[in-house]
Amino acid sequence: MIELRGLTKRYRDTTAVDDLTCTFRPGVVTGFLGPNGAGKTTTMLMTLGLQRPTAGSALLGGRRYRDLPVPMREAGALLDARAVHHARSGRNHLLALATSNGLPRRRVDEVLDLVGLTAVAGKAAGTYSLGMSQRLGIAGALLGDPPILLFDEPVNGLDPSGIAWARTLMRGLAAEGRTVVVSSHLMSEMEQTADHLVVIGKGRLIADTSLAEFLASQPAASQTAASQTAAGMVVRAADAGFAETLRGAGATVVAQDDGGLLVGGIDAYGVGKLALASGTVLTELSPRRSSLEEVFMAMTAESVEFSGGAR
Ligand SMILES: Nc1ncnc2c1ncn2[C@@H]1O[C@H](COP(=O)(O)OP(=O)(O)OP(=O)(O)O)[C@@H](O)[C@H]1O
Ligand SMILES: [Mg+2]
């Protein structure tokens, strides 16, 4: 378990992390999300004792990182996959980590096998592709077999089978009862990997909730017709006038290019009753779950600092 209490980091004129209080629990994968510059990496650095908080604390299993007797046995992290000695082989990089942290040498071959790098373990880490470097970073995090794992954008650069492998690995680590925290900008991937979400923007907590609850939430920030129907239904009717019938009954209707109607503010029973009363044949009536990307973008719209201009 990781407990952040009022965690704050101020640089000269930037508040990178602003009074963050939340708990990362064991047994689940927690997606740690936020736009660029939100403070995710800074939070992880403070948790791992690599940055000193301006205020507040980060406790791992009740202790600060620097008070852990053998830190790599308590918490493992992948922060910057490229931060390895380029001339050293993957195996020697891990051996150096193991010996300097009092971990058994045999663990090196175990983790190399786990991340699928055994065949290239003798090659200089500087020659690794980004995906291979990510795997080496994950191997380093797992070296001490720790109950707490922090991964900062671990699937960045992994190919599709690598992404699927990382997802299975993380879910497996959580299923073993470990605390697994993963940051990523790949929303569709997070939707498949995370059980719980902690979302921050401009260093502040925006949401701390289960994935399911987050997906079901209606972002108050942008109550457009589209967002009101975000978690509604897709309705298709043989009669083109059915959209008006729905509107007449107080439903929110957004017509799609493909002829489907995104309908909110009414339940399936209500739509069925209207169809029956108006003698309309429905060819589709299906629930539409909002995607994590949609809800995330609506929730964090006000916290986005770096947005490109439209062309
Ligand atoms: N060493 C530093 N000195 C000054 N400002 C910093 C430093 N490190 C981070 N910042 C600032 O703190 C803020 C948070 O940065 P951080 O790297 O934690 O964000 P992030 O959520 O990890 O973003 P990304 O998704 O782009 O990785 C940013 O405004 C960044 O410019
Ligand atoms: Mg970052």
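Is there a residue being away from ligand 2 (no atom under 16 Å from the Cβ), under 20 Å from ARG82 (Cα atoms) and in a loop (DSSP other than H, G, I, E, B) anywhere in region 151-171? Yes, region 151-171 has at least one match. Within region 212-250, the residues that satisfy the criterion of being surrounded by 17 or more Cβ atoms within 10 Å (Cβ to Cβ) and modelled with pLDDT of 90 or more are VAL235, ALA237, PHE242, ALA243, THR245, LEU246. Could you please find all residues in region 56-78 being in a loop (DSSP other than H, G, I, E, B), farther than 18 Å from LEU103 by Cα and open to solvent by 50 Å² or more (accessible area, probe 1.4 Å)? Within region 56-78, GLY61, ARG64 qualify. For ASN36, the conditions (1) in contact (Cβ under 8 Å) with a residue 24 or more places away in the chain; (2) assigned to a loop (DSSP other than H, G, I, E, B); (3) open to solvent by less than 70 Å² (accessible area, probe 1.4 Å) all hold with the exception of (3). The residue pairs whose first member lies in region 203-216 and is away from ligand 1 (no atom under 16 Å from the Cβ), whose second member is of a type outside the set (A, V, I, L, M, F, W, C) and open to solvent by less than 10 Å² (accessible area, probe 1.4 Å), and whose beta carbons are closer than 6 Å, counting only pairs six or more residues apart or on different chains, are LEU215/SER290.
For beta carbons closer than 8 Å, sequence separation of 6+ or different chains, a first residue in region 159-182 that is in the same structural domain as MET132 (by TED's automatic domain parsing) and a second that is of a type outside the set (A, V, I, L, M, F, W, C) and assigned to a strand (DSSP E or B), the qualifying pairs are THR179/THR30; VAL180/THR30; VAL181/THR30; VAL182/THR30; VAL182/GLY31. So, THR23, is that one on the phi < 0 side of the Ramachandran plot and within 16 Å of ligand 1 (Cβ to nearest atom) or not? No; evaluated as a whole, the condition is false for this residue.
The values are calculated or read from the model by the stated rules, or taken from the named source; none is laboratory data. From a predicted model like this one, the values you see are computed outputs, not experimental measurements. Note that we place each Cβ from the backbone using ideal geometry, even for glycine, and neighbour counts take in every protein chain shown. Surface areas here come from the heavy atoms of the whole protein model, side chains and all, with no ligands, DNA or RNA. Shrake-Rupley method; radii C 1.70, N 1.55, O 1.52, S 1.80 Å.
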